[in-house]
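Read-outs throughout are calculated quantities, based only on the coordinates presented, and are distinct from any laboratory measurement. Because the structure is a prediction, the values reported are computed rather than measured. Here the Cβ is made from the backbone with ideal geometry for all residues, glycine too, and neighbour counts use every protein chain on show.
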Amino acid sequence: MARIFISPSKYVQGPGELAKLGEYVVSYGKKALVVISAGGIKRFGGVLEESFKAASLDFQYDNFNGECSQDEIDRLVEVYRSSDTDVVVGVGGGKIFDTAKAVASNVDAPVVIVPTIAATDAPCSALSVIYTPEGQFKEYQFFKANPNLVLMDTEIISKSPVRLSVSGMGDALATYFEGRACTRSDAGTCAGGKSTGAANALAKLCYETLMAEGAKAKLALEAGVCTESVEKVIEANTLLSGLGFESAGLAGAHAIHNGLTAMPETHVLYHGEKVAFGTLVQLVLENADEIYEVLDFCVEVGLPVTFEQLGVKDASYERVLEVAKLACAENDTLHNMPFEVTPEKVAAAMLAADAYGREALAE
Ligand SMILES: [Zn+2]
């Protein structure tokens, strides 16, 4: 298997960058189809319109219907085809930019992703998570290219709910360990090959950045300000983790996250919050040196470390084993771990992670 590394063509991050969006987008097309929610237009419409006007870029809004479903993708493909738009721009959260990526890929148009939160590492990737119109997970769609441009306005993101950015840190926390496991097992990645030294180096920097800056950044975010520390964490959550997970590989943490869907009470938690707990479980499975460092970090920034914090009141062995069985599903990434993993081993690791977590919270 070849070593493969993929990434967006351009990544822009800084305070006030949204005001320059038109300047950037005009290099990709003459008229933008802007996928955005009604709330997004209210909050950012003024800045967007001024920036498009300054760049002499024509545009039309399309109100996102709230779900990244095949129906919504097909509808927007029709809108694109029946208009004279030639570039797709997604402004908002995960479902909006996943939809924008899918639409652009369908019509072979350039795509610009403008996240207004830093809650996951999805923006830079060449894949989207597709849901049913009712909001149930349906499938991953993989595209032939990553976004042409990802633009993060850190002034906007530092004003977004703190819990979302902390959740992004939880998603980013897994990247180094999952990549390391894939390298040890010689597993393939979402990029379609083996990992590179480059992807692993980015994943390691992602982890080191969180350890050095995560707690400081959280306090600054709570004060509603964008500091150097916040900038570094936004980069870790989005760029470092994004390139890291896609080209270095997924393993235990995300499989545990997927297994947790067997406990419906965890559905209200964010992706990164569940991935953080999955990271602890993976580290227990590996009996890794970093377990207490990661545990302390989670406690400090407020990521869940126990079943109770995940909203699970009944963590009986039978229920935990159900989660473990689902995490061990044939096509999931737990099999990228460099040793044999059984549902029994995973259930034991989950219960041990919960015990470590309870002890850490009691201190
Ligand atoms: Zn993730």
* Asked: Averaged over all directions, how much area does the convex hull of the C-alpha atoms of the chain cover when projected, in nm²?
  -> 17.0 nm²
* To do: Report the antiparallel proportion of the DSSP beta bridges in the stretch 11-157 as a percent, rounded to a multiple of 5.
  => 20 percent
* Label Glu49 and Glu308 with points 7 Å out from Cα along Cα→Cβ: what is the distance between them in nm? -> 5.2 nm
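DSSP loop GluC sites (Glu not before Pro) in the stretch 107-203 with at most 11 other Cβ atoms within 10 Å of their Cβ, which ones?
The qualifying sites are Glu134.
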* Using only helices, what value at 222 nm comes out for the chain when you add -39,500 (n - 2.57) per DSSP H run of length 4 or more and divide by the total residues, to the nearest 500 deg cm²/dmol? -> -16000 deg cm²/dmol
* **Relative contact order computed over the chain (Cα-Cα under 8 Å; 6+ residues apart), in percent** => 16 percent
* Take peptides 206-215, 241-250 and line them up by average Cβ neighbours within 10 Å, highest first, as a rough protection proxy. => 241-250, 206-215
* To do: Count charges around Arg358 for me, please; just the other residues with Cβ under 15 Å from its Cβ, Lys/Arg as +1, Asp/Glu as -1.
  => -4
* Can you pull the three principal axis extents for the Cα set of the stretch 111-266, in Å, largest first? -> 41, 40, 35
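Label the stretch 162-362 by shape, choosing from rounded, prolate and oblate, from the square roots a ≥ b ≥ c of the eigenvalues of the Cα gyration tensor; if a/c is under 1.5 it is rounded, and otherwise prolate applies when a/b is larger than b/c, oblate when it is not.
Oblate shape, in that a/c is at least 1.5 and b/c is the bigger or equal ratio.
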* Candidate lysines - alpha carbon under 22 Å from Lys204, same-chain residues fewer than 8 apart omitted -> Lys10, Lys194, Lys216, Lys218, Lys232, Lys274
* Cα-Cα separations in the stretch 11-157 greater than 20 Å, expressed as whole percent -> 40 percent
* Structure fact -> Candidates Thr196, Thr132, Thr85; GNM for the chain (alpha-carbon contacts under 10 Å) flags as most fluctuating Thr132
* **Paramagnetic reach from Phe142 in the stretch 182-205 [backbone N under 16 Å; point 7 Å along Cα→Cβ]** => 187-196
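Glu265 to Asp108: extension gain in nm, 0.36 nm per residue of separation minus the Cα-Cα distance?
52.5 nm
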* Report the residues of the stretch 241-268 in range of a label on Glu318: point 7 Å along Cα→C-beta, backbone N strictly under 18 Å from it. => 262-265
* Quick one: if you stick a label point 7 Å off each Cα along the C-beta vector at Arg163 and Ala352, how many nm between them? -> 3.1 nm
* Using 7 Å Cα-to-Cβ label points, what is the Leu361/Ala212 separation (nm, one decimal)? -> 3.2 nm
* **Residue of Met337, Met169, Met263 that the Gaussian network model of the chain assigns the largest fluctuation, springs spanning Cα pairs under 10 Å** => Met263
